[in-house]
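Step one of this worksheet: look at the structure below.
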Amino acid sequence: VVESVVATTISDCATAPLVMVGASVFVVIYAIQCNMLPLVASMFLVFPLCIIPIVVLGRIVKRYTHRALERISDLVSRMHETFTGIRVVKAFHTEKIEFEKFQSVSVSYFKSVVRALKAELFMAPLMEAAGVLLIGAFLIICYSQHIPFARLTPLLLPAIIVYRPIRQMARLNANIQRGGAALDRIFSLLDTDTVIKESPVAVKVAEFKDRVVFENVTFSYGPDTEPAVSDICLEVPRGGVVALVGETGTGKTTIANLLARFYDPTAGRILLDGVDIREIKIDSLRKLIGVVTQETILFNETIAYNIAYGTEDASMEQVIAAAKKANAHDFIVADASGYNRVVGEKGFVLSGGERQRIAIARAILKDAPILILDEAMSALDTVTERLVQDAITMAMKDRTVLAIAHRLSTVRHASQILLIERGRTAERGTHEELYNAGGHYRKLCDMQVLD
């Protein structure tokens with residue numbers, strides 16, 4: 001919308017005022033020569049009444065254009081949601097329901113567009129009607145003052161010249177109002193402050209030497225919400241493996257996100273080699289951290305591109321070596337396209353296990369000293385789980401690991417395990433210590449037939 005407004009209005013905005021000013025100067029000069037200046041001056045004072053329809057209807061155009069843009073956003077969102085979830089729609093035979101929802105949003109969008117168009121179409125006629133009334137009143141006044149028509153004839157030419165730019169003003173204002181509504185939505189997004197603030201005295205950190213420490217870390221997602229994690233104390237020495245276990249929604253992923261500094265703690269601090277991570281440059285911090293998430297994100301590019309993502313200077317030999325360590329090389333070369341195979345949107349041409357191994361290969365290639373594993377073993381069959389587990393074991397080698405897991409078999413060899421309940425540390429220790437303690441951790445183990 002903004003592009004269209006800029007393309008269609010700039011030239012008219014530049015020429016229309018010049019034409020109107022030129023015609024007005026001619027009228028004023030002629031009025032002075034003919035001793036009609038008071039009458040013409042009164043006309044100029046009353047003439048702005050023609051602008052009233054433009055101003056009033058322009059606001060209506062902007063309001064309904066804004067609504068139309070919101071509706072088209074809802075429409076596209078509904079389309080995307082339905083198309084991506086088409087299998088669920090088909091499985092539950094809800095095509096008719098989805099069609100009715102789409103139709104409702106589409107009709108609402110159409111009505112908003114029509115209302116904006118109606119207001120825009122009425123601008124020019126109302127403005128012309130107001131102009132005709134004013135000209136008629138001007139002629140009546142001239143007749144009452146016995147001004148001969150011959151003296152008014154020279155004013156016809158500038159009136160004709162001004163007519164076109166006056167009509168343009170209505171269209172220009174409508175376009176500008178549409179652009180203003182679009183810009184409101186653009187800037188409402190651009191002005192959203194989601195950037196983590198970097199300290200002006202932040203330092204660069206080239207390597208990870210000693211340990212990561214969480215000191216009484218508390219975090220809330222909003223000022224009026226309950227803390228997602230509370231008073232977390234945790235120490236991860238270099239080369240150590242710390243596992244976070246517990247039920248869904250207890251704050252395990254939040255702890256990992258705090259370490260990667262996707263958020264800042266509400267209270268407490270996180271230290272990297274004794275330095276608060278808020279005092280470390282964000283780019284240098286994240287170069288030290290590799291992440292393998294539960295929901296594997298792949299881009300609609302080649303397998304080689306996805307493995308090398310974040311390590312742009314990697315050679316093909318390094319990409320292949322990382323894929324081999326992640327147990328991904330065999331299934332990659334089994335396809336004729338090999339590493340040049342395009343994985344599709346979100347990697348849909350690959351299975352879940354294949355996507356996860358690509359993500360692990362990406363983390364291995366990055367070779368970050370700190371590795372975050374967030375449910376990297378979820379929803380896998382037994383054979384694939386073994387392949388991914390072997391890949392994870394290779395990725396964890398010589399790295400400091402913060403692992404989040406529901407499958408306790410994947411973290412039983414961790415140097416320290418924290419059981420998180422309602423955002424707090426409920427139990428802490430090794431697998432043997434926690435199991436022998438007979439607490440909630442043991443119940444989780446027994447439910448998973450793990451001894």
- prompt: What does the charge count near Glu95 come to, summing +1 for each Lys or Arg and -1 for each Asp or Glu among other residues with Cβ under 13 Å from its Cβ?
  reply: +2
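Within the set of other residues whose C-beta is less than 9 Å from the C-beta of Thr82, count the net charge using Lys and Arg as +1 and Asp and Glu as -1.
Neighbour charge sum, excluding Thr82 itself: 0.
Quick one: ranking Glu317, Glu226 by accessible area, 1.4 Å probe, largest first, what do you get?
Final ranking, largest accessible area leading: Glu226, Glu317.
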query: Hey, which lysines would be in cross-link range of Lys101, C-alpha to C-alpha under 21 Å, not counting anything within fewer than 8 residues on its own chain?
result: Lys90, Lys111
message: Modelling each spin label as a point 7 Å along the Cα-to-Cβ direction, I'd like the Val55/Lys118 distance in nm, to one decimal.
response: 2.4
Calculated [θ] (222 nm, deg cm²/dmol) that DSSP helices of n ≥ 4 give over the chain, each run adding -39,500 (n - 2.57): -18500 deg cm²/dmol
message: At 0.36 nm per residue, and after removing the present C-alpha to C-alpha distance, how many nm does the segment from Val203 to Gln294 gain when stretched out fully?
response: 29.6 nm
message: I'd like the distance between the alpha-carbon centres of the stretch 388-444 and the stretch 70-127, rounded to an integer number of Å.
response: 48
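If you stretched the chain out fully between Leu152 and Ala336, how much longer would it get, using 0.36 nm times the residue separation minus the C-alpha to C-alpha distance?
Gain on stretching Leu152 to Ala336: 57.7 nm.
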message: Which residues does the label zone of Glu345 cover in the stretch 289-321, counting backbone N under 20 Å from a point 7 Å along Cα→Cβ?
response: 295-303, 306
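Estimate the FRET efficiency between Thr248 and Val132 by the formula 1/(1 + (r/R0)^6), using the beta-carbon distance for r and 60 Å for R0, to the nearest 0.05.
With R0 = 60 Å, the Cβ-Cβ based efficiency is 0.25.
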- prompt: In nm, to one decimal, how far is the His413 label point from the Ser188 one, both placed 7 Å along Cα→Cβ?
  reply: 5.3
message: Could you give the length gained by full extension between Val107 and Asp446, i.e. 0.36 nm per residue of separation minus their alpha carbon distance, to one decimal place?
response: 116.5 nm
- prompt: In degrees, nearest 10, range 0 to 90: what is the angle between the Cα axis of helix 37-46 and the longest Cα principal axis of the chain?
  reply: 30
- request: With the full set of protein chains in place, find how many percent of the accessible area of the stretch 178-247 is carbon and sulfur; take the probe as 1.4 Å.
  value: 54
query: Tell me, what is the FRET efficiency for Lys281 and Arg428 to the nearest 0.05, using R0 = 30 angstrom and their Cβ-Cβ distance as r?
result: 0.40
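The values are calculated or read from the model by the stated rules, or taken from the named source; none is laboratory data. Keep in mind the model is a prediction, meaning the values are calculated, not measured. Note that each Cβ is placed from the backbone with ideal geometry, even for glycine, and that neighbours are counted across all protein chains shown. The area values use the complete protein model at the heavy-atom level, side chains included, leaving out ligands, DNA and RNA. Shrake-Rupley method; radii C 1.70, N 1.55, O 1.52, S 1.80 Å.
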